[in-house]
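The values are calculated or read from the model by the stated rules, or taken from the named source; none is laboratory data. Keep in mind that what you see is a predicted model, and the values were worked out from it rather than measured. Methodologically, a virtual Cβ is constructed for each residue, glycine included, from the backbone with ideal geometry; neighbour enumeration extends over all protein chains shown. Heads up: the accessible areas ignore ligands, DNA and RNA and are worked out on the full protein's heavy atoms, side chains in. Shrake-Rupley method; radii C 1.70, N 1.55, O 1.52, S 1.80 Å.
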Amino acid sequence: MRKQELIVYRNLEQESILRDMTWLMQHYGDDYYNLEDRTALLYDCMHRLLELSVSHGFYGNLWHCYLANLLANDENCYSTACEVTGPVVGTINETVLHDFQILKEIYDYDFTDMTDTLGIQSFSLLLEYERTGSKAGSKVYNTRIRDRICQLAVKVSQVDTPQEMKKAVTEFYQEYGVGKFGLHKAFRIDHGKKGAKIRPILNIAHVKLDDLVGYEIPKQKLIDNTEAFVEGRAANNCLLFGYAGTGKSSSIKAIANAYYDRGLRIIEIYKHQFRDLNDVIAQIKNRNYKFIIYMDDLSFEDFETEYKYLKAVIEGGLEKKPDNVLIYATSNRRHLVRERFSDKEDRNDDLHTNDTVQEKLSLVARFGVTIFFDSPDKKQFQDIVTVLAERAGITMPQEELLAEANKWELNHGGLSGRCAQQFIDYLSGKKAEG
């Protein structure tokens, strides 16, 4: 196998299973090496492929799924150029075709002689592998992404030429992207010794905008701004503020779900991580996706100065914020930084009280779009309860339902969409129990 001749996909060489399997393809019949060692190495590769099937949820031909997964995750000059935008022109195509000629040989390799020589017929079980259950999941991908990789494995196995293999993989990059940004919709930040690491969030709530009852005007403002951003038009940083439990955070999750297929990705960051913002932006600014940096429940006390880092990143630093990055934040506070009456009084120790006020207002001014989520009134709350009850299949008489909802909200935080959902969850639990 000519794996060492790979150019664009050269990082695949670092993969231990591929390295060991291609070594066996070359040396399985070489008596220079001890037969027990060769046999043990193949058993070890089988073990690792099976472990991969459990962790990733793969099924079918595990060798093909393994290789398809490598191709789906290899971020190189070709794959990142093709993500979202599709095929590219130039000499890179000839170079990549050279690699796919090699990859096609590895992909189509017939293991029959190897397994006969080493006396390991059980290897064939890995080429038609059935999952342990119909609902077997993945610890690495959500079910949809796992299935897409397995489907890519099948598609590549059905093509006859390196050119067709290149076309199939390029179409995958265009439709789903490459690497962690292509295969996941939401991310969080971990700070390690080498700086900020962007980690995928494997399970994000499947909230849809239609799931949020009411708030049509706020939702439309959010949709309009996000649509402009995804389409490459001018868009603004966005602040969703208002009462607790009114759907601000749920709206952001719904946006992440609604626009994932159009290249939108969400990166969640907390205020103690604001020093990593420049590092995070440096990692995403040259990708073909649109990124929303999401800050939930954003607010600052007088003594907290992290907002100064945020101000500099949003607007004010020498480096221009990339066109593929916006900041969306939710908060219960309109002005984000706590203000006091003393900030406006002349009798305190601050010689320039207006400067103090302006400093505290300067952060919210950097959000071009502000969207208010008001607390529902009694009728709106009852409308939300009614719709949610219908969706949950609760058949309680209307008068009884609303009477119980009124009792619930008096003891559980007042009128809000969150309170209504908690009430419906309570009724659903009682129904299931009964």
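Please go through the range 291-304 and give me each residue that is among the hydroxyl-bearing types (Ser, Thr, Tyr) and either modelled with pLDDT of 90 or more or not in a loop (DSSP other than H, G, I, E, B) (or both), ordered by number. Across the range 291-304, the qualifying residue is only TYR294. Does TYR129 satisfy the criteria of being crowded, with 20+ Cβ neighbours inside 10 Å and among the hydroxyl-bearing types (Ser, Thr, Tyr)? So TYR129 fails the test.
Conditions (1) more than 29 Å from GLY195 (Cβ to Cβ); (2) among the charged types (D, E, K, R); (3) touching a Gly at 6+ places or on another chain (Cβ under 9 Å), marked per residue:
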| residue | (1), (2), (3) |
| --- | --- |
| GLY232 | yes, no, no |
| ALA244 | yes, no, yes |
| LYS248 | yes, yes, yes |
| ASN257 | yes, no, no |
| ARG262 | yes, yes, no |
| LEU277 | no, no, no |
| ILE284 | no, no, no |
| ILE292 | no, no, no |
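Of all positions in the range 273-290, at least one carries a residue that is in a strand (DSSP E or B), touching a residue at least 12 places away in the same chain (Cβ under 8 Å) and crowded, with 19+ Cβ neighbours inside 10 Å. Only a single criterion out of (1) open to solvent by less than 50 Å² (accessible area, probe 1.4 Å); (2) closer than 27 Å to ASN76 by Cβ; (3) of a type in the set (A, V, I, L, M); (4) over 23 Å from the mean Cα position of the chain (by Cα) is not satisfied by VAL154, namely (1). Annotation: of all residues in the range 83-101 being surrounded by 19 or more Cβ atoms within 10 Å (Cβ to Cβ) and modelled with pLDDT of 95 or more, the one that is nearest to GLN283 (Cα to Cα) is VAL96.
For the range 202-218, state whether one or more residues are in contact (Cβ under 8 Å) with a residue 12 or more places away in the chain, under 23 Å from LEU310 (Cα atoms) and touching a strand residue (DSSP E or B) at 6+ places or on another chain (Cβ under 9 Å). The answer is no; no qualifying residue exists. Pairs are defined by a Cβ separation below 9 Å, a sequence spacing of at least 6 or placement on different chains, a first member in the range 45-64 that is within 17 Å of SER16 (Cα to Cα), and a second member that is charged (D, E, K, R); the pairs so defined are CYS45/ASP20; ARG48/ASP20; SER53/ARG131; SER55/LYS139; HIS56/LYS139; HIS56/ARG146. Taking the range 376-392, which residues are open to solvent by 10 Å² or more (accessible area, probe 1.4 Å) and among the β-branched types (Val, Ile, Thr)? Across the range 376-392, the qualifying residues are ILE384, THR386, VAL387. Scanning the range 201-230 for residues being among the small types (Gly, Ala, Ser) and either buried (at least 18 other Cβ atoms within 10 Å of the Cβ) or farther than 13 Å from LYS290 by Cα (or both) gives a total of 2. Of the numbered criteria (1) closer than 29 Å to LEU415 by Cβ; (2) open to solvent by 50 Å² or more (accessible area, probe 1.4 Å), the one THR246 fails is (2). For the range 101-133, filtering for residues that are farther than 19 Å from ARG19 by Cβ and under 29 Å from the mean Cα position of the chain (by Cα) leaves 5.
Screening ARG233, ARG262 for residues that are touching a helix residue (DSSP H, G or I) at 6+ places or on another chain (Cβ under 6 Å), surrounded by fewer than 17 Cβ atoms within 10 Å (Cβ to Cβ) and among the charged types (D, E, K, R) leaves exactly one candidate, ARG262. Looking across the range 157-176 at every residue that is of a type in the set (S, T, N, Q) and modelled with pLDDT of 95 or more, the one that is surrounded by the fewest Cβ atoms within 10 Å (Cβ to Cβ) is identified as GLN158. Scanning the range 61-82 for residues that are in contact with a strand residue (DSSP E or B) (Cβ under 8 Å, 6 or more places away or on another chain) and surrounded by fewer than 20 Cβ atoms within 10 Å (Cβ to Cβ) turns up just one, ASN61. Among the conditions (1) more than 21 Å from LYS139 (Cβ to Cβ); (2) surrounded by 16 or more Cβ atoms within 10 Å (Cβ to Cβ); (3) of a type in the set (Asp, Glu), ASP37 misses just one, which is (2). Looking across the range 393-433, the residues that are closer than 17 Å to GLY214 by Cβ and either exposed (fewer than 15 other Cβ atoms within 10 Å of the Cβ) or under 35 Å from the mean Cα position of the chain (by Cα) (or both) come down to GLU409, GLY414, LEU415, SER416, GLY417, ARG418, CYS419, ALA420, GLN421, GLN422, PHE423, ILE424.
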